[in-house]
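One structure is given below, encoded as structure tokens.
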Amino acid sequence: MFCGVTDPEKLELEVTRFEDAIITRSQEDGREGITLLPGVRTLIDNLGDSKHWTICTSATRGYGSAALEVVGIAPPETIVFAEDVAQGKPQPDPYLLGAKRCGVHPKRCLVVEDAPAGVQSGRAAGCKTLAVTTSHPRDRMVASRPDYLVENLSSVTMVPNETGITVTITTQ
């Protein structure tokens with residue numbers, strides 16, 4: 001139930017209207033509501049059009065696509081949106097689908113996450129996990145038991161190659 005709305009069609013319409021309002025406001029405010037975290041632009045620029053990476057987001061297709069446009073990020077070849085999976089994070093579904101779409105076994109994947117539920121999702125999928133402490137307190141991210149932990153993505157370098165992506169983490 002959302003604000004007293006119980007009709008599924010009406011609820012979907014209201015969610016879409018809400019997302020559209022957030023996107024419009026962000027565009028009007030000069031992107032105030034949607035921002036890139038430190039190091040993200042460099043990382044994504046380095047990854048370019050490599051087929052070995054994807055975005056797995058809890059956002060809907062409409063909101064996620066618009067948010068990428070607002071911050072000026074070209075989307076990768078494939079993206080996993082909320083409506084692409086039966087169960088979202090912390091369940092493994094988003095990262096299992098992301099690995100499948102990239103043609104890579106989950107054990108060969110590195111999940112980069114700024115939320116505990118995302119780290120849990122990546123771990124449940126069998127992926128290695130890199131937690132970033134930009135959106136949640138460090139102790140909460142540590143409690144999600146990531147394989148690696150960084151303050152922000154400025155200390156991470158990713159370089160695509162023929163068989164995947166080489167990741168380097170600079171100790172802080």
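Any read-out appearing in this document is the output of simple, stated calculations on the displayed coordinates, not a laboratory observation. This structure is a prediction, so every number in the text was calculated from the model and none was measured. Every residue, glycine as well, gets a Cβ built from its backbone with ideal geometry; the counts of neighbours run over all protein chains shown.
Taking amide H as placed 1.01 Å from N in the peptide plane, LEU149 has its amide H under 5 Å from the amide H of ALA131, each at least 5 places away in sequence or on another chain. Amide H contacts of VAL112: LEU130, each under 5 Å away and 5 or more positions distant or on a separate chain (H built 1.01 Å from N in the peptide plane; Pro and chain starts excluded). Label separation (ASN152 vs SER135): 1.6 nm, computed from points 7 Å beyond Cα along the C-beta direction.
Can you give the local net charge around LYS89? Use residues other than it whose beta-carbon is closer than 13 angstrom to its beta-carbon, Lys and Arg +1, Asp and Glu -1. Net of charged neighbours comes to -3. Model label points for ALA74 and LYS100, set 7 angstrom from Cα along the Cα-to-Cβ axis, are 2.8 nm apart. Angle between the Cα long axis of helix 93-102 and the longest principal axis of the chain, 0 to 90 degrees, nearest 10? With rounding to tens, the tilt is 60 degrees. Lysine pair count for the chain with Cα-Cα distance under 18 Å and sequence separation of 8 or more or different chains is 7. Helix 8-28 against the longest principal axis of the chain: what's the angle in degrees, Cα atoms only, rounded to the nearest 10? Once rounded, the angle reads 70 degrees. Our estimate of slack between ALA117 and SER65, defined as 0.36 nm per intervening residue step minus the Cα-Cα distance, is 16.6 nm. Couplings 3J(HN,Hα) of the stretch 52-65, computed from phi: 8, 9, 8, 10, 10, 10, 7, 6, 6, 4, x, 5, x, 5 Hz, in residue order, whole Hz [Karplus 6.51 cos²θ - 1.76 cosθ + 1.60, θ = phi - 60°; x for Gly and Pro]. For the peptides 110-117, 34-41, residues were scored by their other Cβ atoms within 10 Å and the scores averaged per peptide; the highest-first order is 110-117, 34-41.
One quarter of the convex hull surface built on the alpha carbon atoms of the chain amounts to 10.6 nm², the projected area averaged over directions.
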